[in-house]
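Below is one structure; the comments refer to it alone.
The values are calculated or read from the model by the stated rules, or taken from the named source; none is laboratory data. Here the structure is a predicted model, which means the values were calculated and not measured. Positions of Cβ are backbone-derived with ideal geometry, glycine not excepted, and every protein chain shown enters the neighbour counts. For the accessible areas, the whole protein counts, side chains as well, though only heavy atoms, and no ligand, DNA or RNA atoms are used. Shrake-Rupley method; radii C 1.70, N 1.55, O 1.52, S 1.80 Å.
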Amino acid sequence: MNVPSLESTEMFQALPQYPDHPALEEEILAWWEEARIFDRLRERNRGRAHWSFFDGPKTANTTDGLGVHHLWGRTYKDVFQRYKALQGFDQRYQNGFDCQGLWVEVKVERDLGLNSKREIEEYGLAAFARRCRELVTESARVVTRQSIRLGQWMDWGNDYYTFSDTNIEYIWRFLKKLHERGWLYQGHRSTEWCPRCGTSLSQHELSQSDVYRDKSDPSLFVRFPLKGRDRESLIVWTTTPWTLPANVAAAVNPEAEYGRQDTGEWVAVERFPEDTFVERVRGSDLVGLEYEGPYDHLQPAQGIVHRVIPWDEVSLEEGTGVVHIAPGAGTEDFELSKVHDLPVLVPVDESGRFLPEYGWLHGTSTVEAADQIVGDLRERGLLEHAETYVHRYPHCWRCETPLIFRVVDDWFIAVDELRPRLLEANASVQWTPAFYGKRMDDWLRNLGDWNISRKRYFGLPLPIYPCACGHVNVIGSKAEMEERATSGLDQLEELHRPWVDNVPIRCESCGEEVRRVPEVGDVWLDAGIVPFSTLGWQNPEWIPEGYATGAAKGLTRADLPDHAYWEKWFPAHWVTEMREQIRLWFYSLLFMSVVLDGRAPYQQVLGHEDVRDEHGHEMHGSRGNTIEAEEALSRMGADVMRWMYCEQAPTQGVKFGYTPAGEIKRRLLTLWNSAKFFVDYANVAHFHPQPGKTETSQALDRWLYARTGKLVADMEDAYDRFWTPDVIRAFMAFVDDLSNWYIRRSRRRFWSEDAEALQALWHALSRSVQVIAPVMPFLADHLWRVLRTDDQPDSVFLEPWPERGAIDAQLLEEVAEVRAIVELGRQARGEAGLKLRQPLRRMVVQGAEKAQGHAAEIGEELRIKEVEFGPVEAAELRVKPNLPLLGPKLGKELGAVRAALQAGEFEQLEGGGVRVNGHEFGADEILVERGAREGWALAEADSLTVAVTTELDDELRKEGRVYDLTHQLNTMRKEAGLALTNRIRVVLPARDGDLLDYEDRIKDEVLATEIVVGQVEEPQIEMV
RNA sequence: GGGCGAUUAGCUCAGUUGGUUAGAGCGCCGCUCUGAUAAGGCGGAGGUCCGUGGUUCGAAUCCACGAUCGCCCA
């Protein structure tokens, strides 16, 4: 059909056949900006009941833009903020950027071509810090632009940047408080260490995905000759040759049996069941034996007595049952050194290269040393056997370098005393999905002390100043620093290295000058403090732009609010991030909040899995299946992407791609077509909607109003549970009802410009657009602008969330039953091979209790003249027990009754019941199925049975031909390209002359002015 | 090794407190309706609901054990 053009008298702007999502979205974006829609929404909600959401900071370390995996979370954030805004809640909308720490440093190092800490220091820490800030600035710009394109409404320009002096000061306060409680300490322990980054990694950095990867290492069986035992030796197994020079002991399982082979080699018997042994002893009998260390000739090992120690954990699953112990190069080894008072040799420096005292190994890396050590052992006859071994091994999450273990001094937060409080706080949180809450519990229960120090440059400077007198000074603010500084304040540009290092302070215990430790802090301190630093916790006075300090100055205009503000907005009602944040941001938030305030910082959490490609594979650059946000936004549009994210349950990865996007676009067409249908007919009818009007004389309209009310209720319910798959389901179910029931049933009313029908449809469409707006803000606002009246707000987001209204549940059930009957009617017709164009005489419906008032509707829908409700007469009866009733009643006897019923061994009673096996059952206790009699077709489902007559008489046949003819003529109209309003003249062949009995009806159906019989073989039409 | 999830149609997934014939979307085949629809409707093919055992009148659903996959921890 032709699209009516918008004339001056027409109310609604015509819609094209298909939406162009990306184009439409660009228009809406520009208009939102120009008409200040978001500002007006915030103004409207200001001062109303508030809803608090904290945004997890996006690391601002790349200028390549976002990937589609970032946009799932951003979509959730926007969907629920928009939903709450529609409901009138006042919100903050503060976006955040994570700006310092290894993520940023490593990217800058790469950009600058630096490859070690020495090169960074040569480059200069001040210049390096400036480059970090530049990267953050540019990265934030790109992220902001793309987020806006996604439709994310945030308070852009007032973002928080974690490298702000204010943020840093709040962490200082936190650390000072820990120190006062005695929970901050310096630990000397073995930790995972990245030799490239030159720093240790914390437990939660190791918990990131991609850390454990398959790695191929040498697998060595090395001979440790026993002292005082001629030609006897221990055989140890190791996959880290570089640790052998640090060997100080060998551990055996005291309970296991060890055997000496005729070669003099001692191993666990269980490991070598095929071998023969000349002597067998228990592991405990070996304990105390001394052996020659593999590198006793190097200086560090000289004078060390190597001996055999017992260790219950020695595995008999792999190796030889004798474990080489190097306390300076392994965590468990280090713990054993404390128990057995073993010396600790740390063989490599912070870049993983051997120290000078290791002679010929000096300067080689752990990797290079491996080959040399293998060769050396072989030469000296100490290598029993060598092969290659593939195992899971931790790698640095940023630079992918295999980690080593080093014993170093780091700063830790003791968690044992806090653990019960953390668990208690987590118990108050409502997690979606619920099992993520268990994950957090699990993490909290197994948590080791938090290593917060990093031996790096551009990060949170730890405010720790240990003094030679033994006192550890921890300062809690910049003011305190200024007060206690002995010099250097004039050069303090911001609270970062190098500037902050040049401000020594006076020791509060002895008065001597002390300097800051060189370490910076874990990035999760930066992110975890956000609910305190951005909300003005304990800040006496509101400071305009008070958050925009230090490195953040000029990047944001965020204020530092006062404590009353914090009281209002803390804790968050809701936060959402990806699953891995349980052990990262969700954890650091919880931790810092429990320390400072004793409460959980959030009440509800929504977590989600990761984004996959459309085949379910992880997106990887190397696989070539990644999709950049920019490309997806411009090719499929933001609404389609948002829909894709929302449709998927958060417990499973979203399968993202252009194939599912195409499917979504097609499904969205039903809504679009419904709106287009309305617009076309409303314009023809010069219809003017009346917002709020729901009175009507028609039952079908009343049904639509009720159905629309239920839509609002269903959507609210799903949004309130933060479960977007149900949002999508509820919406699609409604659109289906609207299009395939209401509009289809009402077509003739629209042709006749029925204002009640137009009003009902307008109401339903407006409501649909309102309730789906959080998910698809662009399409929703586009349609809203087409549908709205002049008295309504210009954006759907300025229209208050709709009331559900009174929902006529009974009517909804009635129509649901009508639709079930119609479906069965079609099925029965189909079985009898009677197409819908052929009218039928009679239909009987049994088992319908609610649909009885809708007989005419059913008849019309199925083109059946008489619709009766009552018992279906049947050729045969099949009776089944109604299980929910008879199951509990009969128990074990049910089987026998069921069998008897199936065999037909029953007697029918008055009122529809039966007698079987001596029991009498009422009509409600059994289910009856019927076989069709001659001349009837039958279909049934659940308790409904529908029977239609299959016999045709002349009148029915003739009517069938009228429908065929109408169909044929309309097809011809369509093929001739006639418009909706064109009138035609029809010439029929002589054989169809009898159909003129229905002349008026045909004229009406095909918009004919005249029908005549002429000398033609087939019907013909011409425009008049 | 421990914990948490998952396993249902060719694909992607639903499946309420245990109940009769396990569903939807997409894809495939046939039919059909249509003056919004590139759509819709009906029917069909396609399921050992991962397996085994148990509880129960009755299990995709509850329990136990096992398998496979994923995530986390060790």
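Results, tabulated for the structure shown:
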{"quantity": "Sites A:Arg748 and A:Lys553, calculated FRET efficiency, Cβ-Cβ separation with R0 56 Å, nearest 0.05", "calculated": "0.25"}
{"quantity": "Principal-axis tilt of helix A:699-720 within chain A, Cα atoms, nearest 10 degrees", "calculated": "0"}
{"quantity": "Karplus-derived 3J(HN,Hα), 6.51/-1.76/1.60, for each residue of segment A:616-627, Hz, glycine and proline x", "calculated": "x, 7, 4, 7, 9, x, 5, 7, x, 10, 6, 10"}
{"quantity": "Accessible-area value, A:Cys469, 1.4 Å probe, nucleic acids and ligands omitted, Å²", "calculated": "70"}
{"quantity": "Packing rank of A:640-646, A:424-430, A:211-217, where each peptide gets the mean count of other beta carbons within 10 Å, highest leading", "calculated": "A:640-646, A:424-430, A:211-217"}
{"quantity": "Viscosity 1.002 mPa s, 20 °C: Kirkwood-radius Stokes-Einstein D of segment A:212-394 over Cα pairs, µm²/s", "calculated": "129"}
{"quantity": "For segment A:885-962, alpha-carbon Rg and Dmax in angstrom", "calculated": "18.3, 59"}
{"quantity": "Heavy-atom SASA rank of A:His615, A:His69 (probe 1.4 Å, accessible area, largest first)", "calculated": "A:His615, A:His69"}
{"quantity": "Estimated FRET transfer efficiency when R0 is 41 angstrom, pair A:Asp349-A:Trp31 (beta carbons, to 0.05)", "calculated": "0.10"}
{"quantity": "Mean Cβ neighbour count within 10 Å, used as a protection proxy, ranking A:106-117, A:617-628 highest first", "calculated": "A:106-117, A:617-628"}
{"quantity": "Compactness of segment A:160-292 - radius of gyration and Dmax, Cα, Å", "calculated": "23.6, 72"}
{"quantity": "Cut-off 11 Å between beta-carbons: net charge of the residues surrounding A:Ile529, Lys and Arg +1, Asp and Glu -1", "calculated": "-1"}
{"quantity": "Share of alpha-carbon pairs per 5 Å distance bin for segment A:604-711, given as whole %", "calculated": "2, 9, 13, 16, 14, 9, 10, 9, 8, 5, 2, 1, 0"}
{"quantity": "Taking only Cα atoms of segment A:469-601, radius of gyration then Dmax in Å", "calculated": "17.1, 48"}
{"quantity": "Where labels lie 7 Å past Cα in the beta-carbon direction, separation of A:Leu877 and A:Asp501 in nm", "calculated": "9.6"}
{"quantity": "A:Val367 accessible area, 1.4 Å probe, all protein chains in place, Å² to nearest 10", "calculated": "110"}
{"quantity": "Estimated inter-spin distance, A:Asp230 and A:Asp296, nm [label 7 Å along Cα→Cβ]", "calculated": "1.8"}
{"quantity": "Overall Cα dimensions of chain A, principal axis frame, Å, largest first", "calculated": "120, 77, 56"}
{"quantity": "For segment A:387-541: rounded, prolate or oblate by the Cα gyration tensor [a/c cutoff 1.5]", "calculated": "oblate"}
{"quantity": "Hits among aspartates and glutamates - C-alpha to C-alpha of A:Lys568 under 13 Å, sequence gap 8 or more where chains match", "calculated": "A:Asp90"}
{"quantity": "Dipole of chain A, positive direction: furthest Cα of A:Val684, A:Val845, A:Ile309, with charges on the beta-carbon", "calculated": "A:Val684"}
{"quantity": "Integer Hz, Karplus 6.51/-1.76/1.60 couplings in order for segment A:40-49, x for Gly and Pro", "calculated": "5, 4, 5, 4, 4, 7, 4, x, 7, 3"}
{"quantity": "Whole-Å distance, taken between Cα centres, linking segment A:259-302 and segment A:954-1004", "calculated": "102"}
{"quantity": "Share antiparallel - DSSP beta bridges, segment A:955-1023, percent rounded to 5", "calculated": "45"}
{"quantity": "About the Cα centre, charge dipole magnitude for chain A (Lys/Arg +1, Asp/Glu -1 at Cβ), debye", "calculated": "1000"}
{"quantity": "Point-charge dipole on Cβ atoms (K/R +1, D/E -1) for segment A:832-951, about Cα centre, debye to 20", "calculated": "340"}
{"quantity": "Linear extension gain, A:Arg419 paired with A:Thr626, 0.36 nm per residue minus alpha-carbon span", "calculated": "70.5 nm"}
{"quantity": "Mean separation of Cα contacts under 8 Å, 6 or more apart, over the residue count of segment A:703-768: relative contact order %", "calculated": "45"}
{"quantity": "For segment A:955-1023: rounded, prolate or oblate by the Cα gyration tensor [a/c cutoff 1.5]", "calculated": "prolate"}
{"quantity": "Mean residue ellipticity (222 nm) of chain A, computed from DSSP H runs ≥ 4 via -39,500 (n - 2.57), nearest 500", "calculated": "-12000 deg cm²/dmol"}
{"quantity": "Full-stretch length increase - A:Lys850, A:Arg635 - with 0.36 nm per residue and alpha-carbon distance subtracted", "calculated": "72.6 nm"}
{"quantity": "Nitroxide proxy distance, nm - points 7 Å out along Cα→Cβ at A:Leu669 and A:Arg392", "calculated": "4.7"}
{"quantity": "Segment A:661-749 shape via C-alpha gyration tensor axes, a/c threshold 1.5", "calculated": "oblate"}
{"quantity": "Listed residues A:Trp172, A:Val654, A:Gln698: farthest to the positive end of the dipole of chain A (Cβ charges)", "calculated": "A:Gln698"}
{"quantity": "Ordering of A:222-229, A:650-657 by burial proxy (mean other Cβ atoms within 10 Å per residue, highest first)", "calculated": "A:650-657, A:222-229"}
{"quantity": "Links that overshoot a 27 Å alpha carbon limit, given the list A:Lys77/A:Lys438; A:Lys676/A:Lys710; A:Lys117/A:Lys215; A:Lys58/A:Lys710; A:Lys77/A:Lys655; A:Lys107/A:Lys215", "calculated": "A:Lys58/A:Lys710"}
{"quantity": "Net lengthening on full extension, A:Ala979/A:Glu379 (0.36 nm per residue, minus Cα-Cα)", "calculated": "206.4 nm"}
{"quantity": "DSSP-defined beta bridges in chain A - what % are antiparallel, rounded to 5", "calculated": "70"}
